[in-house]
Every structure is written in structure tokens, then in C-alpha cells.
Amino acid sequence: MLGDDPEQPSWRVFNIGDSRVYQYFDGELTQLTVDHSVVQHLLDTGAITEEEAEYHPHANVITRAVGFNEPPVPDFSSVALIPGQRLLICSDGLTKELTDAGIEHFLRTGRARRAPPTRSCSTRSTTPAATTSP
């Protein structure tokens with residue numbers, strides 16, 4: 001969603017669990033969000049390596065979620081709206097199938113299939129497909 005300050009246009013991004021937001025800009029893919037998972041905690045504390053994380057037995061155990069009898073507690077951040085940037089909002093359904101290099105390839109080549117906008121979406125709204133800012 002768009003930020004509130006018209007003087008400094010920005011995207012307001014959020015995530016919970018292992019949903020992610022990526023930015024592709026100027027030839028570089030950046031993960032903008034941090035997973036809420038046991039494996040991410042182990043990575044953050046240095047208990048395991050990136051390679052170990054890929055095959056860790058608790059790879060699907062999340063520490064925050066929607067719908068578990070508690071109010072959801074997502075992380076929020078703002079990202080500058082930059083002409084030419086692409087944002088990707090995705091679940092682990094994509095990131096379990098594609099590596100970061102695969103995601104980068106589709107965002108770089110523009111070969112990602114875009115979802116058609118819905119009636120209620122403006123031209124700047126994000127959809128589950130890659131979105132290019134104006």
C-alpha cells in the first residue's frame with residue numbers, strides 16, 4: 001500500500017510468518033522483510049548457516065501467524081517509491097519453489113505473469129504478482 005506522506009512517496013510493506021516482500025531495482029534483488037520462523041531465529045543468532053537453513057527439519061515452523069487465536073502482529077516498514085522498481089509480494093509457496101536467483105530472473109526479464117487488476121484496485125495497488133512503480 002502507499003505511504004501517507006505525499007511529499008515523500010513510499011510503499012508501506014508488511015509481513016507475518018514466512019510471507020515476503022522483495023524489491024528488484026537497478027539489477028539487484030533485495031528481500032525487504034524478515035521471516036518469522038524458527039529457522040530465521042537460528043540464522044539471526046548464528047546457530048546455523050544459510051546452507052543448513054535450506055534443509056533444516058524445522059524449516060516450516062513459523063513463530064507468528066494469522067488465525068491462531070491471537071491478534072496478528074505483522075512487521076511494518078516503509079520503502080521509497082522509486083521509478084522503475086519492482087516489488088514482489090509472495091508466500092512460501094513461491095520461495096520454496098524458486099531460489100532468489102530464479103525470482104531475480106523473472107523480475108529482471110519481466111517474464112513474470114501479471115495478475116489482471118481488479119475493479120477495486122488503482123493503478124498503484126499491489127497484487128500478488130510483481131508490481132512496477134510508476
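Things worth noting here:
- Selection status of Pro83, at pLDDT 90 or above, open to solvent by 80 Å² or more (accessible area, probe 1.4 Å) and not charged (D, E, K, R): yes
- Members of the stretch 7-43 that are touching a helix residue (DSSP H, G or I) at 6+ places or on another chain (Cβ under 8 Å), touching a residue at least 24 places away in the same chain (Cβ under 8 Å), crowded, with 17+ Cβ neighbours inside 10 Å and not small (Gly, Ala, Ser): Asp18, Arg20, Tyr22, Tyr24, Leu29
- Counted residues, the stretch 86-134 - those being closer than 15 Å to Gln31 by Cα, among the aliphatic types (A, V, I, L, M) and at pLDDT below 90: 1
- Matching residues, the stretch 44-75, being open to solvent by less than 100 Å² (accessible area, probe 1.4 Å) and not aliphatic (A, V, I, L, M): Thr45, Gly46, Thr49, Glu52, His56, His58, Thr63, Arg64, Gly67, Pro72, Pro74, Asp75
- Selection from the stretch 85-100 of residues that are in a strand (DSSP E or B) and either β-branched (Val, Ile, Thr) or touching a His at 6+ places or on another chain (Cβ under 6 Å) (or both): Ile89
- Here the condition is being assigned to a loop (DSSP other than H, G, I, E, B) and under 19 Å from Gly93 (Cβ atoms); of Val73, Val21, Val13, Val34, it holds for Val34 alone.
The values are calculated or read from the model by the stated rules, or taken from the named source; none is laboratory data. Note that the structure is predicted; figures quoted are calculated from it, not measured. Virtual Cβ from ideal backbone geometry, glycine too; neighbours counted across all protein chains shown. For the accessible areas, the whole protein counts, side chains as well, though only heavy atoms, and no ligand, DNA or RNA atoms are used. Shrake-Rupley method; radii C 1.70, N 1.55, O 1.52, S 1.80 Å.
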